Amino acid sequence: MRKNDILAALAFFGFDRVVVTEDLPDHPGGPAFSLVGHNSRWEAPAQTSPVTAAAPVIHDNYYRALCARLRSQVDHLTQKLLHLNEQKIQAEASAQQQREQLLNSSAWQETINCAKEAERYRLRCEQLQTQLALYDTARQQLDEILRSRSWKLTAPLRHSRRLLQRWRGD
C-alpha cells in the first residue's frame, strides 16, 4: 500500500490524530515510514472514582474489545490485500498471455518481415544514391572534356582514324 492510502485508511477508521515520526522514501528495502495514531473513539473510560478492584476489569474489557476490533480490521485488510494480489497476478498472467499471442501471431510476423524488407530497400536506396553521385561526377568530368579545347582540336584526327578503320575493314 502507498503511504497516502495507509493514512486515508487510518482516517477512515477514526484515527483523528496521526503523526508520521519517520519517513524513508529511499529505504533500501523499499519506501517506509513510521507513525503514531490516536483514535479518540477508543479511549479508555475516564476514571472518576478512586481505583477499585473493578477498574482492572473495565480496562481489560476495553483492551480486549480494542484488540478484537483491531484484529478484525487487520483480517479485513489482509483479505483485501490478498484479493488485490490475486487480481494483480491474474492481470500479469493475462498480459503475458496476450504478449505471447501477439508475438506468435501472423500479423506480428508480417510486421517483422515488412520491417526487414523496408530495411533492405533503405540500404538499396543508399547504394543507388551513392552510384548516382558517382555517375553525376563522371558526367561532369565528361562534359568538361567535351568542352575542352584539346578535345575540339583532336576531333578531326579521331574522325580520320574511324574512316581508315572502316576502309581497312577492322
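With the helix formula -39500 (n - 2.57) applied to DSSP H stretches of n ≥ 4, the chain reaches a computed 222 nm mean residue ellipticity of -26000 deg cm²/dmol.
For the chain, the share of accessible area belonging to carbon and sulfur comes to 58 percent (1.4 Å probe, ligands and nucleic acids excluded). Between Arg99 and Gln87, full extension at 0.36 nm per residue minus the direct alpha carbon distance yields a gain of 2.5 nm. Residue by residue, the stretch 26-36 carries 3J(HN,Hα) couplings of 9, 4, x, x, x, x, 9, 7, 10, 8, 10 Hz when phi is fed to the Karplus relation 6.51 cos²θ - 1.76 cosθ + 1.60 (θ = phi - 60°); x denotes Gly or Pro. Amide H contacts for Leu35 (H built 1.01 Å from N in the peptide plane; partners 5 or more residues away or on another chain; cut-off under 5 Å): Thr21. Solvent exposure of the chain amounts to 87 Å² per residue of accessible area, where only protein heavy atoms count and the probe is 1.4 Å. For the peptides 131-142, 4-15, the ranking by packing is 4-15, 131-142, with the highest mean count of neighbouring Cβ atoms within 10 Å listed first.
The values are calculated or read from the model by the stated rules, or taken from the named source; none is laboratory data. If you're wondering where the values come from, they're calculated on a predicted model, not measured in any experiment. So basically every Cβ, Gly included, is an ideal-geometry build from the backbone, and we count neighbours across all protein chains shown. Accessible surface areas use protein heavy atoms only, side chains included; no ligands, DNA or RNA. Shrake-Rupley method; radii C 1.70, N 1.55, O 1.52, S 1.80 Å.
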